[in-house]
Each structure stands twice: as structure tokens, then as C-alpha cells.
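S.K.: I'd like to ask you about the structure that follows.
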Amino acid sequence: TQAPVNVTVTGAAGQIGYALLFRIASGQLLGQDQPVRLRLLEIPQAVKAAEGTALELEDGAFPLLAGIDIVDDAKQAFDGTNVALLVGARPRTKGMERGDLLEANGGIFKPQGEAINAGAADDVKILVVGNPANTNALIAQAHAPDVPAERFTAMTRLDHNRALAQLAKKLGTPVSDIKKMTIWGNHSATQYPDIFNAEVKGGSAAEAVNDQNWLENEFIPRVAKRGAEIIEARGASSAASAANAAIDHVHDWVNGTPEGDWVSMGVPSDGSYGVPEGLISSFPVVCRGGAYEIVQGLEINDFSRSRIDASVGELTEERDAVRKLGLI
Ligand code: NAI
């Protein structure tokens with residue numbers, strides 16, 4: 001059997017962590033022949049709860065689970081890590097301004113970036129889930145100058161999956177009939193789910209829908225505000241679906257995307273589609289051999305252009321704000 005891969009999960013005692021860890025241990029992150037060693041990072045007050053989750057992981061008797069370490073120190077958490085899932089973040093609380101939120105998250109993602117820089121394995125892949133995910137990824141990346149910039153990614157796969165599900169529902173077709181969905185921009189309410197490049201059973205999804213009113217007034221807001229809809233219904237924010245999307249993101253990055261399809265990932269822009277270089281923005285990507293590439297040459301109509309520009313504008317503002325705060 002293969003040597004274990006080290007997987008670090010931050011915020012391990014949180015609700016996403018609870019839904020995520022068992023799926024990693026069962027082999028759904030990296031594959032059914034790949035042992036994993038889990039490294040859980042929590043703040044000191046939550047270490048005991050993480051230890052409780054570790055007891056349950058033990059009770060899963062997972063054949064692929066080679067060990068679990070629980071730490072409250074970032075340097076230890078990322079030492080030798082191959083896959084880093086940065087889930088723990090500071091949520092916005094009542095009365096908190098954006099600057100306060102970014103500053104609080106800077107206090108988390110700056111030291112984590114430094115720790116990744118200091119100790120992570122050469123092949124480290126990083127997924128930031130904790131919000132504001134794109135900008136938190138930018139902060140961590142800024143403090144890890146020795147790690148190739150493209151290894152820092154942010155999660156928009158939940159948005160991608162939500163868009164697939166809503167479109168499938170509208171068309172009365174299984175999700176598996178839909179390919180080439182794209183989320184552009186920020187993981188926020190300005191994100192743009194693009195069906196103009198999507199396909200249903202090989203044909204144009206936008207033509208199959210042929211309903212601009214639904215697109216503008218139902219589909220896009222539904223996908224973009226789905227997080228709020230879940231909170232309203234469940235009394236808590238999306239957790240299992242977020243964990244599921246994190247599994248999908250890393251699984252596809254490591255194992256590749258299917259022929260004839262792509263996925264959405266928040267990745268550092270190389271200037272493609274007019275997104276300023278260096279911004280961590282969501283793009284359509286294909287993955288092969290453990291690396292991803294932004295899909296090139298897609299047609300962007302005027303409607304899509306204005307939506308992408310709005311979301312990218314928001315990302316630019318977030319970047320400028322963290323620059324001003326000295327966080328990058
Ligand atoms: P939660 O509040 O249940 O858990 C967060 C955990 O992070 C807590 O256990 C907390 O102790 C821990 N934590 C805080 N600071 C930490 C630090 N410096 N190091 C290590 N751990 C730390 O939150 P939940 O529901 O698990 O969500 C986690 C994050 O994921 C939130 O920021 C949420 O907004 C975000 N999220 C992102 C989604 C996306 O699509 N990108 C979707 C859903 C949630």
C-alpha cells in the first residue's frame with residue numbers, strides 16, 4: 001500500500017469539520033487506495049471537542065485512516081502537510097464592519113500562510129473554505145512566498161453544485177446530463193453562475209432554458225443567496241453540502257476532471273477573461289495530473305461580461321482593503 005498522505009483540517013471541531021472528516025477518513029477525498037493521516041487544527045477552547053470527534057473517527061475503524069493528531073499550533077498543524085483544508089475562520093458578527101472582519105481573518109490566515117510556507121510538503125495543495133474565502137486565500141498566499149502561488153485556491157464548488165442542481169431542476173433532467181457549469185468571481189452574493197457556456201445532453205443549456213427572466217430573477221439570485229436560504233430553513237449554515245463540495249474540489253484537483261467537462265475553482269488569475277492578475281477569482285478549470293488549468297477561449301456575452309466585472313470589482317475592493325490593512 002501507499003504511504004499515507006498528510007491532510008490538515010483547520011476548524012476541525014466546527015460543523016463543516018464534523019461532516020468533512022469522516023468522508024476524508026473513508027477515502028472519498030483522495031481515493032480508495034490512499035491512506036491518510038489527519039492533522040486537526042483548532043483554537044485551544046475547541047481542542048477538547050476536536051478530541052471528541054477523533055474518538056468517533058476511531059470508532060469508524062476506517063481502514064485508510066493511518067492516524068490523527070490534534071493541535072492548537074499552526075506550525076505543527078502544517079508540518080509536512082500535503083493537503084490543507086482551511087475551514088476555520090472568523091464569522092461576521094453583529095455590528096462588525098468589513099474592515100474588522102478582514103482584520104480578524106488576517107489574524108488567522110497570515111500565521112497559517114507562514115506555517116504552510118515554513119513546513120508544508122513540496123506538493124502541498126491548499127483549499128480555503130472559511131469566509132471570505134477568496135480574500136482569506138489571498139492573505140495566506142501572501143505569507144507563503146516559497147509555495148507556488150497557484151497552490152492556493154478558494155472554494156466555489158458549493159456554488160457550482162448548487163447551480164447544477166437548480167438548472168437540472170428547471171430542465172427536469174438529471175444533474176448528470178449537465179456539463180460545463182461555471183461560477184465566475186467571488187464566493188459571495190455577487191458571484192455569477194454562467195449557463196451560457198453550459199451544456200445539457202451536449203446542447204446549449206441557455207437555449208434549452210430560453211427564459212431570461214428565470215435566469216436573472218430566479219436562477220442567479222437563488223444560487224447566490226442559497227446560503228441564506230439554508231440558514232433560514234435549517235437554523236444553521238450549510239455544513240454537509242459545504243463539506244461535500246470541499247471533497248469534490250480536492251478530489252478533482254488530485255484525480256482530474258472528467259473528459260468533456262470542467263469544474264469551478266477560485267484560483268489566482270493569470271489575467272484570463274480580463275480578471276486582474278493575482279486576484280483569487282472563480283474560473284472554469286480542468287484538472288489533470290494533479291494540476292489545473294483555466295479553460296480558455298470561452299465566449300463571454302455582454303450580460304455575462306457585466307456580471308463577471310461586478311464580482312471581480314468586489315474582489316478588487318477586498319484586495320485593496322486587505323492591502324490597506326497591511327495584511328498582504
Ligand atoms: P463553525 O463555526 O461551526 O466552525 C468553525 C471552527 O473553526 C470552530 O470550531 C472554531 O473554533 C474554528 N476556528 C476558529 N479560528 C480558528 C483558527 N485560528 N484555527 C483553527 N480553527 C479555528 O463554522 P462552519 O459552519 O464549520 O464554517 C466554517 C467556515 O466555512 C465559515 O467561515 C463559513 O462561512 C465557511 N463556509 C464557506 C463555504 C464556501 O462555499 N466557501 C460554505 C459554507 C461555509
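S.K.: Assess whether Trp253 counts as being more than 30 Å from Thr93 (Cα to Cα) and within 16 Å of the ligand (Cβ to nearest atom).
M.R.: So Trp253 fits the description; yes.
S.K.: Something else now. Search segment 76-96 for residues that are over 22 Å from Ile116 (Cα atoms) and within 12 Å of the ligand (Cβ to nearest atom) and pair each with any residue that is of a type outside the set (Val, Ile, Thr) and open to solvent by less than 30 Å² (accessible area, probe 1.4 Å) when their beta-carbon atoms are under 8 Å apart and the residues are at least 6 apart or on different chains.
M.R.: Arg92/Leu101
S.K.: Please name all residue pairs, on different chains or six or more residues apart, with Cβ atoms under 7 Å, provided the first residue is in segment 32-51 and is in contact (Cβ under 8 Å) with a residue 24 or more places away in the chain and the second residue is within 11 Å of the ligand (Cβ to nearest atom) and of a type in the set (S, T, N, Q).
M.R.: Arg39/Thr8; Leu41/Thr8; Leu41/Thr10
S.K.: Could you tell me whether any residue of segment 276-292 is in a loop (DSSP other than H, G, I, E, B), within 22 Å of Ile178 (Cβ to Cβ) and modelled with pLDDT of 95 or more?
M.R.: Scanning segment 276-292, I find no residue that is in a loop (DSSP other than H, G, I, E, B), within 22 Å of Ile178 (Cβ to Cβ) and modelled with pLDDT of 95 or more, so the answer is no.
S.K.: Run Leu41 past the list (1) more than 10 Å from the ligand (Cβ to nearest atom); (2) open to solvent by 10 Å² or more (accessible area, probe 1.4 Å); (3) closer than 26 Å to Asn255 by Cα; (4) touching a strand residue (DSSP E or B) at 6+ places or on another chain (Cβ under 7 Å) and report the number of the one that doesn't hold.
M.R.: (1)
S.K.: Also: Taking into account only those residues within segment 101-141 that are within 18 Å of the chain's Cα centre (by Cα) and in a loop (DSSP other than H, G, I, E, B), which is farthest from the ligand (Cβ to nearest atom)?
M.R.: Filtering segment 101-141 for residues that are within 18 Å of the chain's Cα centre (by Cα) and in a loop (DSSP other than H, G, I, E, B), the one farthest from the ligand (Cβ to nearest atom) comes out as Val124.
Every residue, every condition in (1) in contact with a strand residue (DSSP E or B) (Cβ under 6 Å, 6 or more places away or on another chain); (2) open to solvent by 20 Å² or more (accessible area, probe 1.4 Å); (3) in a helix (DSSP H, G or I); (4) within 16 Å of the ligand (Cβ to nearest atom), yes or no:
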position	(1), (2), (3), (4)
Pro145	no, yes, no, no
Thr153	yes, no, no, yes
His160	yes, no, yes, yes
Ala163	yes, no, yes, yes
Gln166	no, yes, yes, yes
Lys169	no, yes, yes, no
Ile183	yes, no, no, yes
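The values are calculated or read from the model by the stated rules, or taken from the named source; none is laboratory data. Just so you know, these numbers come straight off a predicted model, no measurement behind them. FYI the Cβ positions are ideal-geometry reconstructions off the backbone, even for glycines, and counts take in every protein chain you see. These accessible areas exclude ligands, DNA and RNA; they are computed on the full protein's heavy atoms, side chains included. Shrake-Rupley method; radii C 1.70, N 1.55, O 1.52, S 1.80 Å.
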